Every structure is written in structure tokens, then in C-alpha cells.
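J.: Sharing a structure, written as C-alpha cells. Questions coming.
Coordinate-derived values only; no laboratory data. In this text, all values refer to a predicted model and were calculated from it rather than measured experimentally. Cβ placement follows ideal geometry from the backbone for every residue including glycine, while neighbour counts extend to all protein chains displayed.
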Amino acid sequence: MFAYLIGKVADISNDNLILEVGHIGFNIKVPASVISVLPGIGQEVKIYTYTCVREDAFLLYGFLKKDDLDIFRKLITVNGIGPKGGLGILSVLSADELRLAVLSQDAKAIAKAPGVGMKTAQKVILELKDKVSLEETFVSSESVSYAADTGSSSVRSEAVEALTALGYSASEALRAVGKVENAEEMDVETLLKAALKNMF
């Protein structure tokens with residue numbers, strides 16, 4: 001219903017934000033990771049939202065980045081993961097960390113979320129493994145400076161795949177490739193050699 005809302009922060013609690021937009025206060029459920037980086041009361045912020053309509057409630061879930069909203073939408077398609085569970089997972093893992101956990105089949109990382117056991121975490125991995133990709137992580141990551149062009153992320157992806165074929169986990173491979181400076185100017189072989197140095 002609402003793609004996003006831009007307004008002033010009126011109140012913040014444990015998992016809830018009240019956003020004032022045009023003299024209307026919207027109650028928005030947000031992950032703990034959002035609460036910790038919200039601007040102060042009275043400051044303006046843009047929140048990407050997901051609307052959940054139930055028989056007994058009309059709920060809004062919000063995120064600071066569109067990427068987080070996109071992964072949340074994928075998460076709640078998993079059988080047994082509702083909006084509350086999805087919010088819990090994104091409170092302990094960023095969108096990129098969740099993709100890495102899925103791709104490297106790291107159920108323990110996902111199970112750190114409140115109310116999520118190992119069986120549910122494994123179900124998340126099983127149902128999302130074909131819906132997430134390394135390319136998404138390269139393009140969306142803000143923790144490392146990645147070029148967003150397809151060619152660059154494709155070279156990185158090939159290097160990551162080569163490292164995983166050598167026995168490294170997807171998360172180890174991604175971090176090693178991410179540390180390589182000027183990777184966008186390299187071919188796969190050169191990037192692979194540089195990334196291998198970061199493994200030691």
C-alpha cells in the first residue's frame with residue numbers, strides 16, 4: 001500500500017517507530033538494527049514500508065534501505081516465517097549477512113534471531129537459496145566499496161565461486177574478494193590471486 005514514508009521521528013521504542021507524516025502519526029514496526037541508527041526525535045527520515053493486513057490488525061513494517069525491505073519480502077515467503085520472525089532475523093543480520101548465511105548454509109547465524117531455531121533456520125536456507133545471489137550482495141554492499149556495474153560484479157562472483165570450489169566458505173570468499181582494491185580493473189585470474197593473499 002505504502003512504498004515508503006518520509007516524515008519526522010515522533011517517538012522510538014524497542015521495536016517501534018512513530019513517524020509523523022502530514023500531522024498523522026504512523027506506528028511502524030522496525031528491526032533493532034534500525035532503532036540503533038535512527039536520527040533523533042524531530043529529525044526527518046525516509047522509511048521503506050511493508051503493509052500487513054490481517055483480520056484483527058493493520059500493521060506497517062519499516063526499513064531504512066530498500067534492500068532490507070526486499071530481503072524481508074523474501075523472508076516472509078518462507079513457510080513458518082511471518083513478519084515478526086522476519087523482523088527478528090533482520091534485527092541480528094543485515095540483508096548482506098543474511099544472503100551470505102544462506103549461500104554458505106550457515107544455519108547457526110540465522111538461528112541467533114529470537115524465536116528462530118535450527119530447523120527454521122535450515123528451512124530459510126532451503127527456501128531462499130535460489131532467491132538470493134552473490135551479485136546482489138556485491139551491488140548492495142555498503143560496507144565495502146563495490147562498483148555496481150554488471151561486469152565488475154560478475155568478475156567478483158566468478159572469483160568467489162572459484163574460491164568456494166577450493167574449499168573456502170562463501171562468506172570467507174566474499175570477504176577476501178571484497179578486501180581487494182581496484183578489483184573492478186582486474187580479470188578473474190588476477191583477482192583470484194589477490195584474494196587468496198587475503199586468506200592468510
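J.: Mind listing the phi-derived Karplus ³J(HN,Hα) values for segment 180-196, rounded to whole Hz, using 6.51, -1.76 and 1.60 with θ = phi - 60°, and x for any glycine or proline?
T.: 6, 7, 6, 4, 5, 9, 9, 8, 4, 5, 5, 5, 4, 4, 5, 5, 4
J.: Now a separate question. As an exercise, take the mean of 1/r over every pair of distinct alpha carbons in segment 4-63, invert it, and state the Kirkwood radius in angstroms. Don't skip to the end; give the middle numbers.
T.: Numbers: mean 1/r = 0.0872 Å⁻¹.
About 11.5 Å, per the Kirkwood formula over Cα pairs.
J.: List the aspartates and glutamates whose Cα sits under 16 Å from the Cα of Lys119, skipping any in the same chain fewer than 8 residues away.
T.: Asp106, Glu127
J.: Looking only at Val53, Val21, Val102, which one moves most when the chain is put into a Gaussian network model with springs between Cα atoms under 10 Å?
T.: Val53
J.: Could you identify which residue out of Ile28, Ile41, Ile76 has the top mean-square fluctuation in a GNM of the chain using Cα springs shorter than 10 Å?
T.: Ile41
J.: Let me ask another. To the nearest whole percent, what portion of all C-alpha pairs in the chain is separated by more than 30 angstrom? Before the final figure, lay out the partial values.
T.: On the way: 5963 of 19900 pairs.
Roughly 30 percent, rounded to a whole number.
J.: Angle, helix 83-92 long axis vs. longest principal axis of the chain, Cα atoms, 0 to 90°, nearest 10?
T.: 50 degrees
J.: Turning to a different aspect of this structure: Only Cα pairs within less than 10 Å get springs; with that Gaussian network setup on the chain, which residue of Ala95, Ala165, Ala173 has the largest fluctuation?
T.: Greatest mean-square fluctuation among the candidates belongs to Ala165.
J.: Just need log10 I(q)/I(0) for segment 9-117 at q = 0.11, 0.14, 0.21, 0.22 Å⁻¹, Debye formula, equal scatterers on the alpha-carbon atoms, no solvent, rounded to two decimals.
T.: Debye curve over Cα of segment 9-117, log10 I(q)/I(0) at q = 0.11, 0.14, 0.21, 0.22 Å⁻¹: -0.35, -0.55, -1.14, -1.22.
J.: Now a separate question. Just in segment 161-200: which trypsin sites (Lys or Arg not before Pro) are loop by DSSP and have at most 16 other Cβ atoms within 10 Å?
T.: For trypsin sites (Lys or Arg not before Pro) across segment 161-200 that sit outside H, G, I, E and B with at most 16 neighbouring Cβ atoms in 10 Å, the list reads Lys179.
J.: Long-range amide H contacts for Phe2: which residues qualify at under 5 Å (H placed 1.01 Å from N, peptide plane, sequence gap of 5 or more or a different chain)?
T.: Thr51
J.: If packing is taken as the mean number of other Cβ atoms within 10 Å per residue, what is the order of 80-87, 68-75, highest first?
T.: Numbers: 80-87: 18.6, 68-75: 20.8.
In decreasing order of mean packing, 80-87, 68-75 become 68-75, 80-87.
J.: For every helix of n ≥ 4 consecutive DSSP H residues, a contribution of -39,500 (n - 2.57) applies; sum these over the chain, divide by its total residues, and give [θ] at 222 nm rounded to the nearest 500 deg cm²/dmol.
T.: Numbers: 10 runs with 90 residues, N = 200.
Calculated from helices alone, the mean residue ellipticity at 222 nm is -12500 deg cm²/dmol.
J.: Could I ask something else about it? Near the amide H of Phe26, under 5 Å away, which other amide H atoms are found, from residues 5 or more places off or on another chain, if H is placed in the peptide plane?
T.: Result for Phe26 returns Leu19, Glu20, Val21.
J.: On a 0 to 90° scale, report how tilted helix 66-75 is relative to the longest principal axis of the chain, with both axes built from alpha carbons and the result rounded to the nearest 10.
T.: 90 degrees
J.: Another question, if that's okay. If one takes the longest principal axis of the Cα atoms in the chain, at what angle in degrees, from 0 to 90 and to the nearest 10, does the Cα axis of helix 150-165 lie?
T.: 70 degrees
J.: Filter Lys84/Lys112; Lys29/Lys129; Lys66/Lys131 down to the pairs with a C-alpha to C-alpha distance above 21 Å, please. Each step should come with its number before you reach the end.
T.: On the way: Lys84/Lys112 15 Å; Lys29/Lys129 26 Å; Lys66/Lys131 16 Å.
Beyond 21 Å between Cα atoms: Lys29/Lys129.
J.: Then there is this: Shape call for segment 66-128 from the C-alpha gyration tensor, a ≥ b ≥ c root eigenvalues: rounded (a/c under 1.5), prolate (a/b greater than b/c) or oblate?
T.: Here segment 66-128 falls in the rounded category.
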